[in-house]
Amino acid sequence: MDPSVSKKRAGAATAAAGLTDDLIIEILSRLPVKSICRFKCVSRHWRRLISHPEHRKKLPQTLSGFFYPRYRRNHEDEITVIPDFVGISRAEEEELPFHDPSLPLPGYWYIRPADCSGGLLLCSCWKVNPRDEHNYMVCNPAADKWVVLPEAPDDLSLESTIRICFDPAISSHFHVFQFLEEDQYGYITGLNIYSSVTGAWSRKENGWGEVVPVDSRGVFMNGILHLISHESTVLTVDTEGKTWRTIPVLECMGFENFWKGVVAFLGQSQGRLCYMNTRKHITSKISVWMLEDYSSDLWVFKYNISTSQIFGEVDLMMEQDYALIAMHPEANVIFFVWKCEDVLMSYDMDRGKVSVICSLTEHMYDAFLPYLPYVPFFSWTG
């Protein structure tokens with residue numbers, strides 16, 4: 001190594017050593033989250049400093065892990081559900097950003113995580129008394145706060161699609177979308193939108209035309225909810241239900257399974273919308289597309305991923321044998337659940353690196369749910 005480089009590094013290390021921990025945290029709090037992740041590698045002391053529960057509240061956060069529903073039997077031999085959590089960090093000193101992943105809510109015996117956005121978890125909950133009373137609850141696990149949503153104006157099935165939208169970089173308020181569906185074919189007739197600003201629901205008529213959203217997680221980005229439709233398009237709507245849009249996808253991005261419908265995944269990473277799919281006769285490849293120009297609907301092909309490289313097996317089918325559950329918000333990394341092996345895995349698309357994160361305690365029956373990506377947010381007060 002060049003002696004001058006070594007000398008500069010030594011000088012930088014000496015300068016940093018002269019800073020107090022509080023001053024280091026103050027400096028780090030002004031940096032983007034990607035830089036915070038890199039500074040964890042400076043030394044063990046810096047990793048412990050950044051991972052300390054009190055310091056984490058002051059620093060920008062990134063993906064911490066996944067919430068999922070854990071099924072168990074209660075003392076009355078009833079099957080009940082509570083939230084649980086699996087982290088993606090392997091560092092022993094990395095503490096969970098909350099006290100209890102089961103989110104014990106007084107007066108509720110059934111708490112099923114349904115969606116997650118910006119550090120807020122939307123749960124479907126049943127009361128202890130009266131036994132047949134149901135509520136939707138918005139929880140902030142890191143702040144140990146929760147809000148009970150009022151009943152929506154329509155008597156909707158609990159099977160109807162419901163999504164939460166929250167981005168603390170845009171607003172301190174959250175919105176919940178409940179989709180109104182036509183009974184026979186599932187066409188969208190409108191939306192109920194809950195706003196934490198007003199504390200009430202509002203009804204909005206459908207602005208997309210005849211469409212059926214795919215039952216998968218949506219993407220909330222730039223104040224807009226994005227969903228895949230069975231018509232092989234991306235549907236968008238803003239939090240006020242005023243701006244409705246349909247983004248077309250390329251013909252090569254579409255593939256429908258007879259039983260499952262559209263076989264694709266929608267995510268976001270580094271501020272861009274990402275669409276991943278397999279083709280009918282090339283199921284061993286996952287194609288990755290980025291929406292490079294939002295105004296002109298310009299999709300650009302980025303990666304081809306071999307599933308045999310990831311899983312060591314051929315002829316595996318998306319949603320049948322494995323499920324994509326998230327993209328890392330700050331890196332070109334995707335997360336899978338290998339359903340037949342019940343393991344959580346990641347794949348770094350830039351490095352071609354496969355990592356097995358952990359074995360899972362609950363078998364994954366659903367295509368995308370129930371593993372919900374979670375980024376801690378400590379400041380929300382409800």
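The values are calculated or read from the model by the stated rules, or taken from the named source; none is laboratory data. Bear in mind that the values here come from a model prediction, so they are computed numbers and not experimental data. Here the Cβ is made from the backbone with ideal geometry for all residues, glycine too, and neighbour counts use every protein chain on show. Heads up: the accessible areas ignore ligands, DNA and RNA and are worked out on the full protein's heavy atoms, side chains in. Shrake-Rupley method; radii C 1.70, N 1.55, O 1.52, S 1.80 Å.
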(message) Please report the net charge: other residues with Cβ closer than 11 Å to the Cβ of Val237, K and R +1, D and E -1.
(response) +2
(message) What distance in nm separates the two pseudo spin-label positions at Val356 and Asn222, each 7 Å out from Cα along the beta-carbon direction?
(response) 4.0 nm
(message) Around Tyr294, under 13 Å between beta carbons, what's the net of Lys plus Arg minus Asp minus Glu among the other residues?
(response) -1
(request) Could you order peptides 334-347, 122-135 by the average number of other Cβ atoms within 10 Å of their residues, highest first? (result) 334-347, 122-135
(message) Please list, in order along the stretch 350-359, the HN-Hα scalar couplings obtained from phi with the Karplus expression 6.51 cos²θ - 1.76 cosθ + 1.60 (θ = phi - 60°), rounded to whole Hz, x for Gly and Pro.
(response) 6, 9, x, 9, 9, 10, 8, 7, 5, 7
(request) Calculate how large, on average over all directions, the projected area of the Cα convex hull of the stretch 281-382 is; give the answer in nm² to one decimal. (result) 9.2 nm²
(request) Scan around Ala142 for amide H atoms under 5 Å from its own, H built in the peptide plane at 1.01 Å from N, and keep only partners 5 or more places away or cross-chain. (result) Phe377
(message) Could you compute the net charge surrounding Cys340? Neighbours are other residues with a C-beta less than 11 Å from the C-beta of Cys340; K and R count +1, D and E count -1.
(response) -3
(request) Could you look at the stretch 136-249 and say what percent of its accessible area is carbon and sulfur, using a 1.4 Å probe and all protein chains? (result) 45 percent
(request) Pop the C-beta distance of Glu341 and Ser306 into the FRET formula with R0 = 22 Å and round what comes out to the nearest 0.05. (result) 0.80
(request) Any chance you could look up the accessible area of Ser216 with a 1.4 Å probe, heavy atoms only, rounded to 10 Å²? (result) 10 Å²
(message) Under a crude label model (7 Å from the Cα following the beta-carbon direction), how far is Asp321 from Arg131 in nanometres?
(response) 4.5 nm
(message) So, for the stretch 198-340, what is the accessible surface per residue at a probe of 1.4 Å, expressed in square angstrom?
(response) 43 Å²
(request) Would you mind putting 140-148, 172-180 in packing order, based on average other-beta-carbon counts within 10 Å, highest first? (result) 172-180, 140-148
